[in-house]
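Visitor: Below you'll find the structure I mean.
Where a number appears in this text, it was derived from the coordinates with a stated rule and is not lab data. Keep in mind the model is a prediction, meaning the values are calculated, not measured. Because the Cβ atoms are built from the backbone with ideal geometry, glycine has one as well, and the counts that use them run over all protein chains shown.
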Amino acid sequence: MNLHRRQLLAALALCLPLAVVRAAFADDPPPAEAIPDAQEMIRVEAAVDRALDHLAQKQDAEGWWPQQVNGGGPNNGVNAFGLLAFLGRGHTPGRGPHQLTVGRAMNYILSTQNEQGLYASPGPSQGPMYEHALATLSLIEAYGAVGTVEMRRSLQKAIDLIVASQNPQGGWRYQPRPGDADLSVSVMQVVALRAAINARLNVPQSTTDRAAEYVKACVVPAGGFSYQPGGGPTCAQTAAGALSMQLLGHFDDPAVAKALGMLQSKPYNGQLDSYFYYTSYYAMQAHFQAGEEQWAAWHPRVRKFLLETQSEDGSWPGHGEEKFNGPAKTYSTALGAMCLDVYMHYLPAYQR
Amino acid sequence: MIGWFLKLLGISDEVAGNFAHAELRWGHGELAAIGLALLLPAAWLITRRQRRNLPHVSPRARNALSVCRIGVLLLLVMVLGAPYLHTEETLDLKPLVALIVDDSASMSLPAGPFDPAEARALAKIVAPAASSQSTATPAAPDDAADVAWRKQLNAMSRGEMLTAFLRSWRASIFEPLADKFALKVYRVARHVRPTTLADLAADTEKSKPSAAETNETDLGGAIRHVIDDAPGRRIAGIVLATDGRSTTWPDPIAVARSLVDLSPDRSPAPVFAVPIGSERPLADVAVVEISLPAEVAKDDTVSATVTLASQGFDGRKVAVELHDGDGPALSTAETTLAAGRRQSVLLNYHATEAGNRLLRATVAPLAEETVAANNSATAHVRVGREPARLLYLEGTPRWDFRFLDHALRRDKAMNTTFVVESQLEADAVPAEMMPEVAGLSKVPARWAENHVVLLGDVSPRLLPPGEQRALVKAVEEDGLGLVVQCGTRHMPWDFVGSPLAAILPMTFDAASPVSSDPGADPAASPSDGAAPSGVTHGLPAPIFAPFRMLVTPAGATHPAFAITGNISQDRALWSGMPEFFWAAPGSRLKPAATRLADIQPAGGKEKLPILAEQVVGRGRVLVVGCDETFRWRRNVGDRIFYRFWGQALRHVARKPAADGQLSWLEVEPQTVEPGTPVSIDLYAVDEARQPIAADSASVAITAPGRKETVRLERIGEAGHFHGSWTPEELGVLNVAFDGGPSARLTATVEVASSHRELALVDVDRAALETLAEVSGGELIEPAGLAELPDRLAGETVHQARPYEDDLWDNWLTLLLLAGLYCADVGIRRVLGLI
């Protein structure tokens, strides 16, 4: 009975502000489902909390998460997604029930920085710049709660490395040096740079200007974005390209609307793309950035699918992406939680 | 006569009035029996002793002395026996049936449309009463009269239809219930008001609520009211005749759930919901909301977002217009209506004229539209002569800063200069050079170039004592506004005892650091890896008991917290904000400060203030003892987060002196719903340009045909006055202060309806069904209400209520005792025995 009453009180506590906000701003229901129904939000938050509990249990005492890619070992891409999943739900270092999990993850990633400034995965890695950008993004967000001089110094070094690794066309590739480029690696650098600007780290304007040029070069005239200039569109790159354009300030570029239209025309399920979670995450953020109409057309589908496919233990199945990111389900669970974290509006890097 | 005498002795009305059936009982019967048994030999002994010792006294006097002594003993025995009167009243507690009738504004919407079958069923209810009321009504329903009935029913409002129903139900359903149930009748709109069946059926002009009263529907409050009105009595059912649109908190379904949760074995208050109005949707276009920044600068162009809701006009194109008051359209946008979903339309507003503007978004009523009253919505915008200048000093880019940074850049009426201390550190600026590089000055006038300063978690390196003194002077003498947001590192911990601390509304203890490495296990030794260590102050919440912000009554009326225009909704909203895990509560509130919000620390300790404001000289200072306001973004983004910050900064900011006038009058909010307090702040100087030294000031509030005076009390420094006043009637009111040529000030307040009543026009059957189901009741269509008595359960409870009153503990006993004693002494003195 006690448990029942506590659950009811918790539900009422969540319903109260939502109900009043809805009454205050948009009566009933809110504009085009910009805010889901209060009961639905309770389900969303419960799903994220189950996923975070799962991740907390799986975390190594040193602060990294198992991912079993290429034989295992810590991978900073997975670690960063794990950390971001917690931050996106408002769990910051030093505060709240997951403070130790968050703090350990943050400290672990910080400890992997090498002389060059790279947050280098101790385990096998196919693309250090993927992992470095994600690690940088997650630490910039965590820096908002820690704010030490040492952390800022580490982050500025990491950003300087991203700036230095940009190729003449404005893109990035797997290795921390200028060479060729692809949109997949580049989008992660763009998000990290955007977060860095937001956190008042030093980012040259020319870097973001050139990045925008590269992203525009990946636009497919018929709609969507390609992995490299001149290629054909994929859902994953289309989502990544649209978000990159938005974070670089090109919200009204027709390519963005076309890209979102292309994504919306696809059935949303585990076969959306071979990189299902990667696509889902960037598509969710891109639709959120695009404003209420686009957001309303996308997020209910993602929410429904994720709520229906979450496992009992709080994890999400890989939907085929485990062949790239390991069968440990850490990656899929972290990204599933991050997709739903968008409702929280907590990560400063992604504020609209 | 006996009753009167008993009342004179202090016996209660219940016992004195029922004396004939009262029993005499003894509190200590055994003592009374023993005492009386001993009294006889004692009386014999007293008499014998008197006779032996006083042979020279006359027998009459001797007997009188004996009587006195025996009388005293008798009284003592009576007191020891503690006699009292006992009576019982038998009460027949019939189970309660409450009838709640909705008479809010939404009941003025059309009841129809009804199809022939529906109309026939409804006509059967209305016809008997109607035929007895008027000869003009159609005859009882039959095939020939169907068309006439349908026409008449379709022309009725929901309220008229309900009145017609009640005329019929009064005799056929509710009055017969009186045999078995106690019936209470209420009307509900903004408040719950007791009434009678006769009054409902009569529906006189006198019984109709005011426009302000019909502005809301408080169905949740009505259910609570019935519960409070029936102590100790079983509630057989609450009959709720309404269109189901409850527009205030508490939500009736939440109320029903909480009642069931408290009494899970049986439903304590089953609701029998009777939907009034057709099931079929009304064709309607509603302008639900117009949203734009509360303040803009002259010559700015901002976007107004107009939210539309529509049904029955799918695919129809309409023009949405933006007007300044009743003026011509300032901008127009065309949109294609999509049924059943909210649509946003952007309109441009170019602010050409400074002052308070009332903007109105409208859609011209369509020919087939049933309700035209909801085709417009209004919003107040304050157009400043120039953007307010904000100087924002922050220590590190914490999350609150990052969100505020974005929001302030978007706010075109706020011209913000940002200084981030960690950036200066990263640029290797020496500590002694920091203020200069940041553009901070030791000259008050330089600080006063801003309207408001926001201090984040900065250290004394950025803000040394010299600069602090200049800042303080600018606040005190130039009216510069100051907002301080505490942090874990420096603010206010490193400023205790500094010039800045002197003007803060709270005092803080320079506590020792409470934690260090955020990733370290508290049980383990500190990490020696690459982890940075942070020094933190303040009060961390236990993991199991995070803090919740509790807005005080003063806070609820503060402009920073104004969200909905409805104070109870605002308090509910703020008190329901997400919990947080760190706070910087003040250890003591300064005498002139206003406490705006508290936290309740774990363990039931005393509440501590985390938000407070005070007037300092000509300026205002607000302290926010929380660095997790970003949590207010949960699910809604900037809407509440920046609403708070934008309003707080503007409220505190120095008021622009109009025409060289130093005095100002501020009324917040400028648009309110009836029943919501309006906060009035006044700063007034005399002709010598010195603050008025009086303890109070008065403002006159006038509207056509109305005038009242509100007294404002002095707060803190001379010249500052504050008060509040709660309007109850709709209209535009003028607030005026006449303090002579140097302080002749006016402001206006618009008391407007919430628009919520007419925003959604359909009968909310789904909500009523859920309410009925959750409460253990049932949704009953009007045509089926005749079966209500069969659904009501509960037997009359016979309850005996005892009444008892002491017979000895009164003035008469004391008087007799004193009289006997005095008589004894008097006789002895007369006889010369003493």
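Visitor: Check the straight Cα-Cα distances from B:K473 and name the lysines below 18 Å, setting aside those fewer than 8 residues away within the same chain.
Guide: Filter leaves B:K442, B:K655.
Visitor: Taking the Cα centre of chain B as origin, work out the dipole magnitude from +1 charges on Lys and Arg Cβ and -1 charges on Asp and Glu Cβ, in debye rounded to 20. Mind showing how you got there, number by number?
Guide: Numbers: 81 positive and 102 negative charges, 650 e Å.
Approximately 3120 debye in magnitude.
Visitor: Less than 12 Å from a label point 7 Å out along the Cα-to-Cβ axis of B:L75: which backbone N atoms in region B:1-37 qualify, by residue?
Guide: From region B:1-37, the list is empty.
Visitor: Region B:703-804: D in µm²/s via Stokes-Einstein (Kirkwood Rh, Cα pairs, 37 °C, 0.692 mPa s)? The partial results should precede the final answer.
Guide: Working: Rh = 20.8 Å.
Using the Kirkwood radius from Cα pairs, D works out to 158 µm²/s.
Visitor: Normalising by the residue count of chain B, find the relative contact order in percent from Cα pairs under 8 Å and 6+ residues apart. Before the final figure, lay out each step's value.
Guide: Details: 1768 pairs, mean separation 122.1, N = 834.
Relative contact order comes out at 15 percent.
Visitor: For region A:302-352, what's the radius of gyration and Dmax over Cα atoms, in angstrom?
Guide: My reading of the Cα-based Rg and Dmax gives 12.0, 34 Å.
Visitor: I've got another one for you. Among B:M433, A:M245, which comes first, then next, by fewest other beta-carbon atoms within 10 Å?
Guide: Ranking B:M433, A:M245 by Cβ neighbours within 10 Å, fewest first, gives B:M433, A:M245.
Visitor: What is the set of long-range amide H partners of B:S157 at a cut-off below 5 Å, with H atoms built 1.01 Å from backbone N?
Guide: B:A111
Visitor: Here's another thing I want to ask about it. Going by a ≥ b ≥ c, the root eigenvalues of the Cα gyration tensor, does region B:286-387 fall in the rounded group (a/c under 1.5), the prolate group (a/b larger than b/c) or the oblate group?
Guide: On the way: a/c = 2.57, a/b = 2.23, b/c = 1.16.
Prolate.
Visitor: Over all alpha-carbon pairs of region B:177-328, lay out the pair-distance distribution in 10 Å bins, whole %, shortest bin first.
Guide: 8, 26, 26, 20, 13, 6, 1, 0
Visitor: Using only Cα atoms and rounding to the nearest 10 degrees, what angle (0 to 90) does helix B:219-228 make with the longest principal axis of chain B?
Guide: For B:219-228 against chain B, the angle is about 20 degrees.
Visitor: Counting Lys and Arg as +1 and Asp and Glu as -1, what is the net charge of the other residues whose Cβ lies under 12 Å from the Cβ of B:K412? Spell out each step's value before the answer.
Guide: Working: positive: B:K298, B:R409, B:R410; negative: B:E295, B:D299, B:D300, B:E386, B:D411.
Local charge sum for B:K412: -2.
Visitor: Could you give the nm distance between label points at B:A198 and B:E436, where each point is 7 Å from its Cα heading toward the beta carbon?
Guide: Reported label-point gap for B:A198 and B:E436 is 9.0 nm.
Visitor: Go ahead and set up a Gaussian network model of chain A, Cα springs under 10 Å, then flag whichever of A:P300, A:P66, A:P233 fluctuates most.
Guide: Checking each option, the largest mean-square fluctuation is seen for A:P300.
Visitor: Search the structure for amide H atoms under 5 Å from the amide H of B:E778, placed 1.01 Å from N in the peptide plane, and list their residues when 5 or more places away or on another chain.
Guide: So B:E778 has HN proximity to B:V271, B:F272, B:A273.
Visitor: Turning to a different aspect of this structure: If you line up the long axis of helix B:811-830 against the longest principal axis of chain B, both from Cα atoms, how many degrees apart are they, to the nearest 10?
Guide: The helix B:811-830 is inclined about 50 degrees to chain B.
Visitor: To the nearest Å, what is the center-to-center distance of region B:424-481 and region B:573-608, using C-alpha atoms only?
Guide: 28 Å
Visitor: Can you tally the net charge around A:G314? Count Lys and Arg as +1, Asp and Glu as -1, for every other residue whose Cβ sits under 11 Å from the Cβ of A:G314.
Guide: Numbers: positive: A:R50, A:K58, A:K329; negative: A:D49, A:D53, A:E312, A:D313.
Overall, the nearby charge balance is -1.
Visitor: Next question, about the same structure. In the P(r) worked out for region B:187-245, what percent of Cα pairs fall beyond 20 Å?
Guide: Working: 524 of 1711 pairs.
Summing the P(r) of region B:187-245 above 20 Å gives 31 percent of all pairs.
Visitor: Okay, next question. For region B:376-390, just list the computed ³J(HN,Hα) in residue order, Karplus coefficients 6.51, -1.76 and 1.60, θ = phi - 60°, integers in Hz, with x standing in for Gly and Pro.
Guide: 8, 9, 10, 8, 8, 10, 9, 9, x, 5, 8, x, 5, 9, 10
Visitor: Based on the Cβ-Cβ distance of A:D53 and B:H406, what FRET efficiency does E = 1/(1 + (r/R0)^6) give at R0 = 45 Å, to the nearest 0.05?
Guide: Working: r = 32 Å, r/R0 = 0.70.
Efficiency, rounded to the nearest 0.05: 0.90.
Visitor: With label points built 7 Å along Cα→Cβ from the Cα atoms of B:T507 and B:N415, find their separation and express it in nm.
Guide: That separation, rounded to one decimal, is 4.0 nm.
Visitor: A further question on this structure: With all pairs of different alpha carbon atoms counted, what Kirkwood hydrodynamic radius in Å does chain B show? Mind dumping the intermediate values first?
Guide: Values: mean 1/r = 0.0301 Å⁻¹.
Averaging 1/r across every pair of different Cα atoms and inverting gives 33.2 Å.
Visitor: What whole-number distance in Å separates the alpha-carbon centres of region B:74-130 and region A:66-134?
Guide: Region B:74-130 and region A:66-134 have Cα centres separated by 66 Å.
Visitor: Please report Rg over Rh for region A:163-238, where both radii come from the alpha carbon positions and Rh follows the Kirkwood definition.
Guide: Working: Rg = 12.2 Å, Rh = 12.5 Å.
Expressed as Rg/Rh, it is 0.98.
Visitor: Please work out whether chain A counts as rounded, prolate or oblate from its C-alpha gyration tensor, where a ≥ b ≥ c are the square roots of the eigenvalues and a/c under 1.5 means rounded, while otherwise a/b larger than b/c means prolate and anything else oblate? Provide the component values of the computation, followed by the final result.
Guide: Details: a/c = 1.55, a/b = 1.19, b/c = 1.30.
Because a/c hits 1.5 or more and a/b fails to exceed b/c, chain A counts as oblate.
Visitor: Net charge near B:A297, counting Lys/Arg +1 and Asp/Glu -1 over other residues with Cβ under 14 Å of its Cβ? Please report the intermediate quantities before stating the final value.
Guide: Numbers: positive: B:K298, B:R357, B:R382, B:R385, B:R389, B:R410, B:K412, B:R650; negative: B:E295, B:D299, B:D300, B:E353, B:E386, B:D411.
That sum, taken over residues with Cβ under 14 Å, equals +2.
Visitor: Another question, if that's okay. Looking only at region A:110-140, which residues have a backbone nitrogen under 13 Å from a spot 7 Å from the Cα of A:A164 in the C-beta direction?
Guide: Hits in region A:110-140 for A:A164 at 13 Å: A:114-119.
Visitor: Ordered by residue, what ³J(HN,Hα) values in Hz, to whole numbers, does region A:275-282 give under the Karplus form 6.51 cos²θ - 1.76 cosθ + 1.60, where θ = phi - 60° and Gly and Pro are x?
Guide: Karplus values, whole Hz, x for Gly and Pro: 9, 4, 6, 4, 5, 4, 5, 5.
Visitor: Now a separate question. Just to confirm the filter: which GluC sites (Glu not before Pro) across region B:324-374 are DSSP coil and have at most 11 other Cβ within 10 angstrom of their Cβ? Don't skip to the end; give the middle numbers.
Guide: Working: sites: B:E334, B:E353, B:E368, B:E369; in loops: B:E353, B:E368, B:E369.
Here the sparse-neighbourhood loop sites are B:E353, B:E368.
Visitor: Compute the orientation-averaged projected area for region B:637-747 from the convex hull of its Cα atoms and round it to one decimal in nm².
Guide: Values: hull surface 32.2 nm².
Taking a quarter of the hull surface, the average projection is 8.0 nm².
Visitor: What is the calculated FRET efficiency for B:A545 to B:N734, with r their C-beta to C-beta distance and R₀ = 56 Å, to the nearest 0.05? Write down the numbers at each step before the final one.
Guide: Numbers: r = 49 Å, r/R0 = 0.87.
Between B:A545 and B:N734 the formula returns 0.70.
Visitor: Still on this model: When the C-alpha atoms of region A:205-263 are aligned to their principal axes, what extent does each axis show, in angstrom, from largest down?
Guide: 30, 21, 17
Visitor: Oh, and also: Return the sequence-ordered ³J(HN,Hα) values of region B:81-90 in whole Hz as given by the Karplus equation 6.51 cos²θ - 1.76 cosθ + 1.60 applied to θ = phi - 60°, using x for Gly and Pro.
Guide: Going residue by residue, I get x, 6, x, 8, 9, 10, 9, 10, 10, 9 Hz, with x marking Gly and Pro.
Visitor: For B:A413, list long-range residues whose amide hydrogen, built 1.01 Å from N in the peptide plane, is under 5 Å from its own amide hydrogen.
Guide: The answer is B:A297.
Visitor: Right, here's the next one. Kindly count the pairs of lysines across chain A whose alpha carbons are less than 18 Å apart, treating pairs on different chains or eight or more residues apart as eligible.
Guide: Numbers: A:K58/A:K329; A:K216/A:K258; A:K258/A:K266; A:K266/A:K304.
Taking the Cα cut-off of 18 Å, the pair count is 4.
Visitor: Roughly how many nanometres apart are two label points built 7 Å out from the Cα toward the Cβ at B:K607 and B:A354?
Guide: 4.0 nm
Visitor: What's the exposure ranking of A:H250, A:H98, going from fewest to most Cβ atoms within 10 Å?
Guide: Details: A:H250 16, A:H98 24.
Final ranking by Cβ density, sparse to dense: A:H250, A:H98.
Visitor: Would you compute, for the Cα atoms of region B:564-662, the largest minus smallest coordinate along each principal axis and list the three values in descending order, in whole Å?
Guide: Its Cα atoms span 52, 34, 25 Å along the three principal axes.
Visitor: Answer rounded, prolate or oblate for region A:145-299, using the Cα gyration tensor with square roots of eigenvalues a ≥ b ≥ c: rounded when a/c is under 1.5, else prolate when a/b is larger than b/c, else oblate. Present the calculation step by step, with values, prior to reporting the outcome.
Guide: Values: a/c = 1.94, a/b = 1.49, b/c = 1.30.
It is prolate, given that a/c is not under 1.5 and a/b is the larger ratio.
Visitor: Angle between the Cα long axis of helix B:765-775 and the longest principal axis of chain B, 0 to 90 degrees, nearest 10?
Guide: 40 degrees
Visitor: Percent relative contact order of region B:567-657, based on C-alpha pairs within less than 8 angstrom and at least six residues apart? Mind showing how you got there, number by number?
Guide: On the way: 102 pairs, mean separation 21.2, N = 91.
It rounds to 23 percent for region B:567-657.
Visitor: Another question about this same structure. Rank the residues A:S280, B:S108 as a footprinting-exposure proxy: fewest other Cβ atoms within 10 Å of their Cβ go first. Don't skip to the answer; put the middle values down first.
Guide: Numbers: A:S280 28, B:S108 16.
In order of increasing Cβ crowding within 10 Å: B:S108, A:S280.
Visitor: Let me ask you something else. In a solvent-free Debye calculation with one equal scatterer on each Cα, what is log10 I(q)/I(0) for the protein assembly as shown at q = 0.04, 0.06, 0.08, 0.10 Å⁻¹, listed in the order of the q values?
Guide: -0.31, -0.63, -0.99, -1.36
Visitor: Under unit Cβ charges (Lys, Arg +1; Asp, Glu -1), what dipole magnitude, rounded to 20 debye, does region B:632-787 have relative to its Cα centre? Don't jump to the answer; show the numbers that get you there.
Guide: Values: 15 positive and 24 negative charges, 193 e Å.
The dipole magnitude comes to about 920 debye.
Visitor: Could I ask something else about it? Assuming R0 = 51 Å, what is the FRET efficiency of A:R177 and B:E449, from their Cβ-Cβ distance, to the nearest 0.05? Don't skip to the answer; put the middle values down first.
Guide: Numbers: r = 48 Å, r/R0 = 0.95.
Efficiency, rounded to the nearest 0.05: 0.60.
Visitor: Follow-up. For region A:45-170, give the magnitude of the charge dipole about the Cα centre (Cβ charges: +1 Lys/Arg, -1 Asp/Glu; no others), in debye to the nearest 20.
Guide: Values: 8 positive and 10 negative charges, 28 e Å.
That gives region A:45-170 a dipole magnitude of about 140 debye.
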